[in-house]
Amino acid sequence: MTEMLEAFRMVAAPDVLVAILASAIYGLVVGSLPGLSATMATALLVPVTFYLSPIAAVATIITASAMAIFSGDIPGCLLRIPGTPASAAYTDEAYAMTRKGQAELALGAGLWFSAIGGIVGTLSLVLMAPLLAEMALSFSTFEYFWLAFLGLMCATLVARSSPIKAIASMLLGLLIACIGMENPAGTPRFTFGIPDLLGGVEIIPALVGAFAVSEVIRAMVTPEPPPLPRRKFGSILAGQWRLTKKYQVPMWRGNLIGIIIGVLPGAGADMAAWVSYAMSKKFSKEQEKFGTGHPEGLVEAGASNNASLASGWVPALLFGIPGDTITAIAIGVLYMKGLNPGPTLFTERADSMYALYIIFILANIIMIPLGIAMIRVASLVLRAPRSAVMSVILLLCAVGSFATGNNLFSVILVALFGCLGFVMERNGYPVAAMVLGIVMGSMVEQNFITSLIKSDGDVMPFIERPVSGVLAAMTFGALLWPAGVWVWRRFGGGRLPAAETPR
Amino acid sequence: MQLSDRVTGAVLVVLGGAAAYAGSRLPAVPGQDVGPAAFPMLIGIGLVICGVLIALGIGRSFEVEEAEAELPAGQGARRLGGLRALIPPAMLLFYVLVVDHLGFLPTAAVIVLVMALALGARPRLAVPLAIIAPIFVHLAFYKLLRVPLPAGLLPVPW
């Protein structure tokens, strides 16, 4: 109980409250601008977190990412351009509602069910994390290897891409992670004689390049989106309670799917939204209405992507394995602030953990008033000329990556990863899989090699230990799933609608 | 830059092969079977397999074609359309090369100006933006976050 009070005291500190408010506004604005994703919003925040207290630093990341995921619904609904990839699954549906004159209902559903999803996801984090922490204490390098590898495999199942290309992207990320001397033997690898590469490729420049600079490059070769017509909105929350009662089952299913996908290492909000939208369509009593402006899918997927955001912190806090690209950044910040992820975090730093839960709940509550305000000024924000936004973003990319180590080499890395990310995305290679490969590369290798040394080169312990056997089966399931779908589509039913294959 | 799957697949095969070869030449740790060579070799072999499969077009049925509207042709200097993509990375390299000599404010102003004009802003917007934005970024990073941005030719009064 004293820990709980201590946690409240920590969150109520003025610097934490200011950080929450400022990052909420930042997240809402960045998320609503098409092309600027929640991951990018978080990556650009990292240099700022250097100078904040530990709780304030974590608070900015939690708040900004939650706000950005909701806010991505706004341009999706009004312009048919998703603000963040996690909104892409139901953009067409929301836009169809706007065209039917139900923009308020669609935006309100995005906001209301995002907040509910976020709170339910947080409760799952509160309940699950301590239970799993107990189990995690008995984990050895074998289990950690499989967990990290499972995370990588889940990342390759991310929507809308060929699984082979996704695996290739992930392997490319792992190869990039090999650079430097951060390996079990301390041998410099693939450094090409460049001293700056001895320490390996830093994760923040890679993220900023792959997500932000590639987006700036894309803006150079795509036409500017149409300006948003000025409009007056009616009441945003009117009718949401009716929707909540009417679509209770889809809402809870969305929350549940979001939580499960979030807990899986490597799979995040984008995948949760795609899977939930497909589920909603499949189980709906009114399937024919989907795509014509029907709120049911919006309810389910909107709740799902925010629920996954909170439960994505479970593997991050327990094992240091990111649930998605946002928590990949968060893990770096946790280490920097002395809150090293691991099962003991829940016993030794319980007050900080409670503070984290409180911040999650708080962020999702203030999302409603701030979100309504954001919707009302959206036409103003979205009117900002793209030429101004993108040129300032590029400047921030340069300064932000320089700030992570006061090293100009990071700026070169940012430029390289920007080109790489742009080319990969153009050719259907998912960038997120590569980034997770870079983040988890040294962890996978470390645990793999240590396990092999422990077992004297024997692979049996990898599958003999009970927990690691289950994890191994899940990993191979994720690997073989696309092959199974392909075979089934080819020789079996052959009528499997494309939207239902979790890709 | 849209490349065919054969090209990207071939690039992956070459990259994977090079990684596996270079990995196999890494020195082993004396008295141990697995060392720094094992992981790059595994990844290299994996990349070669993926590259071959991609070049053969396997798994393409999973891809969703995204109809992306390119810039319509014949709109000003659009013949150089593809090269415009190189402006942002070129600007970042420009930053690396000159920031220590010119200082942060002039370098940042050039970057913002070039980017804004390249994205089609009118000079009426681009010039004020190029003057104001670097000052705000400098204030935020230099004063608030204490990042040592070089002063160069134009030291700031704060």
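Taking the conditions exactly as written (more than 16 Å from A:Leu370 (Cβ to Cβ), more than 18 Å from the chain's Cα centre (by Cα) and in contact (Cβ under 8 Å) with a residue 40 or more places away in the chain), does A:Ala86 satisfy them or not?
no
Is it true that B:Pro155 is surrounded by fewer than 18 Cβ atoms within 10 Å (Cβ to Cβ), over 30 Å from A:Pro225 (Cα atoms), facing chain A (nearest Cβ under 7 Å) and at pLDDT below 90?
Considered against the rule, which asks whether it is surrounded by fewer than 18 Cβ atoms within 10 Å (Cβ to Cβ), over 30 Å from A:Pro225 (Cα atoms), facing chain A (nearest Cβ under 7 Å) and at pLDDT below 90, B:Pro155 comes out as no.
Within the bounds of region A:116-128, is there any residue that is away from chain B (no Cβ under 14 Å), free of Cβ contacts under 8 Å to residues at least 40 places away in the same chain, closer than 23 Å to A:Ala66 by Cβ and not small (Gly, Ala, Ser)?
So far as region A:116-128 goes, yes, one or more of its residues are away from chain B (no Cβ under 14 Å), free of Cβ contacts under 8 Å to residues at least 40 places away in the same chain, closer than 23 Å to A:Ala66 by Cβ and not small (Gly, Ala, Ser).
Output the residues belonging to region B:96-134 that are touching a residue at least 24 places away in the same chain (Cβ under 8 Å) and farther than 20 Å from A:Ser410 by Cα.
B:Pro106, B:Ala109, B:Val114, B:Met115, B:Ala118, B:Ala133
Among the numbered conditions (1) of a type outside the set (Asp, Glu); (2) out of contact with any Phe, Trp or Tyr (no Cβ under 7 Å at 6 or more places or on another chain); (3) touching a residue at least 12 places away in the same chain (Cβ under 8 Å), tell me where A:Leu5 comes up short.
(3)
Within region B:2-18, which residues are in a loop (DSSP other than H, G, I, E, B) and either at the interface with chain A (Cβ under 7 Å from one of its Cβ atoms) or more than 21 Å from B:Val52 (Cβ to Cβ) (or both)?
Once the filter is applied, which keeps residues that are in a loop (DSSP other than H, G, I, E, B) and either at the interface with chain A (Cβ under 7 Å from one of its Cβ atoms) or more than 21 Å from B:Val52 (Cβ to Cβ) (or both), region B:2-18 yields B:Gln2, B:Leu3.
Could you check region A:44-81 and list, in sequence order, the residues that are over 15 Å from the mean Cα position of the chain (by Cα), in a loop (DSSP other than H, G, I, E, B) and touching a residue at least 12 places away in the same chain (Cβ under 8 Å)?
If the condition is that a residue be over 15 Å from the mean Cα position of the chain (by Cα), in a loop (DSSP other than H, G, I, E, B) and touching a residue at least 12 places away in the same chain (Cβ under 8 Å), then A:Phe50, A:Leu52, A:Ser53, A:Arg80, A:Ile81 are the ones that fit.
Do you know which residues across region B:19-46 are closer than 19 Å to A:Gly437 by Cα and part of a helix (DSSP H, G or I)?
B:Ala19, B:Ala20, B:Gly23, B:Ala38, B:Phe39, B:Pro40, B:Met41, B:Leu42, B:Ile43, B:Gly44, B:Ile45, B:Gly46
Identify, by number, the condition in (1) within 30 Å of A:Val299 (Cα to Cα); (2) touching a Pro at 6+ places or on another chain (Cβ under 6 Å); (3) of a type outside the set (D, E, K, R) that A:Ala185 doesn't meet.
Only one criterion in (1) within 30 Å of A:Val299 (Cα to Cα); (2) touching a Pro at 6+ places or on another chain (Cβ under 6 Å); (3) of a type outside the set (D, E, K, R) is unmet by A:Ala185, namely (1).
Which one of these is farther than 22 Å from A:Gly302 by Cα, at pLDDT below 80 and not acidic (Asp, Glu): A:Met10, A:Met1?
Numbers: A:Met10 fails: at pLDDT below 80.
Going through A:Met10, A:Met1 in turn, the sole match is A:Met1.
Can you find, within region A:408-458, the residue that is surrounded by the most Cβ atoms within 10 Å (Cβ to Cβ) among those that are of a type in the set (S, T, N, Q) and at pLDDT 85 or above?
Per the criteria, the residue is A:Ser410.
For region A:319-428, give me every one of the helices (runs of 4 or more DSSP H) that falls completely inside it and has 3 or more residues that are more than 10 Å from chain B (Cβ to nearest Cβ) and among the small types (Gly, Ala, Ser).
Fully inside region A:319-428 and qualifying: A:325-336, A:350-381.
Search region B:26-51 for residues that are assigned by TED's automatic domain parsing to the domain that holds B:Val11 and pair each with any residue that is at pLDDT 90 or above and basic (Lys, Arg) when their beta-carbon atoms are under 7 Å apart and the residues are at least 6 apart or on different chains.
Close Cβ pairs (under 7 Å, with a partner that is at pLDDT 90 or above and basic (Lys, Arg)) do not exist here.
Name the residue, out of A:Ser280, A:Ser284, that is buried (at least 24 other Cβ atoms within 10 Å of the Cβ) and of a type in the set (Gly, Ala, Ser).
The conditions single out A:Ser280.
Only one of (1) under 30 Å from A:Pro225 (Cβ atoms); (2) in contact with a Leu (Cβ under 7 Å, 6 or more places away or on another chain); (3) surrounded by 24 or more Cβ atoms within 10 Å (Cβ to Cβ); (4) not hydrophobic (A, V, I, L, M, F, W, C) is not met by A:Thr98, so which one is it?
(3)
Considering only residues of region A:166-180 that are touching a strand residue (DSSP E or B) at 6+ places or on another chain (Cβ under 8 Å) and either closer than 16 Å to B:Tyr21 by Cα or facing chain B (nearest Cβ under 9 Å) (or both), which is surrounded by the fewest Cβ atoms within 10 Å (Cβ to Cβ)?
Of the residues in region A:166-180, the ones touching a strand residue (DSSP E or B) at 6+ places or on another chain (Cβ under 8 Å) are A:178-180.
Going one step further and asking which of them are either closer than 16 Å to B:Tyr21 by Cα or facing chain B (nearest Cβ under 9 Å) (or both), we end up with A:178-179.
Details: A:Cys178: 25, A:Ile179: 22.
The qualifying residue surrounded by the fewest Cβ atoms within 10 Å (Cβ to Cβ) is A:Ile179.
Just wondering, is there one or more residues in region A:263-271 that are crowded, with 24+ Cβ neighbours inside 10 Å, acidic (Asp, Glu), closer than 22 Å to A:Met440 by Cβ and out of contact with any Asp or Glu (no Cβ under 7 Å at 6 or more places or on another chain)? Spell out how you get there, then give the answer.
The first filter runs over region A:263-271 and keeps only residues crowded, with 24+ Cβ neighbours inside 10 Å, leaving A:264-271.
With acidic (Asp, Glu) added as a condition, the list becomes A:270.
After this cut, where a residue has to be closer than 22 Å to A:Met440 by Cβ as well, the list is A:270.
Next cut, out of contact with any Asp or Glu (no Cβ under 7 Å at 6 or more places or on another chain) only: A:270.
For region A:263-271, residues crowded, with 24+ Cβ neighbours inside 10 Å, acidic (Asp, Glu), closer than 22 Å to A:Met440 by Cβ and out of contact with any Asp or Glu (no Cβ under 7 Å at 6 or more places or on another chain): present.
For region A:201-297, list the helices (runs of 4 or more DSSP H) that sit wholly inside it and hold at least 1 residues that are without any contact (Cβ under 8 Å) to a residue 12 or more places away in the chain; which are they? Walk me through it before giving the result.
Numbers: elements: A:203-207, A:214-221, A:240-246, A:248-263, A:269-283.
Passing ranges, in order: A:214-221, A:240-246, A:248-263.
Residues to consider are B:Leu117, B:Leu129, B:Leu139, B:Leu125; find the one that is within 7 Å of chain A (Cβ to nearest Cβ), assigned to a helix (DSSP H, G or I), surrounded by fewer than 19 Cβ atoms within 10 Å (Cβ to Cβ) and at pLDDT 85 or above.
None of the other options fit; the residue is B:Leu125.
The values are calculated or read from the model by the stated rules, or taken from the named source; none is laboratory data. The structure presented is a predicted model; accordingly, all values stated were derived computationally and were not measured. We place every Cβ from the backbone using ideal geometry, glycine too, and count neighbours over all the protein chains shown.
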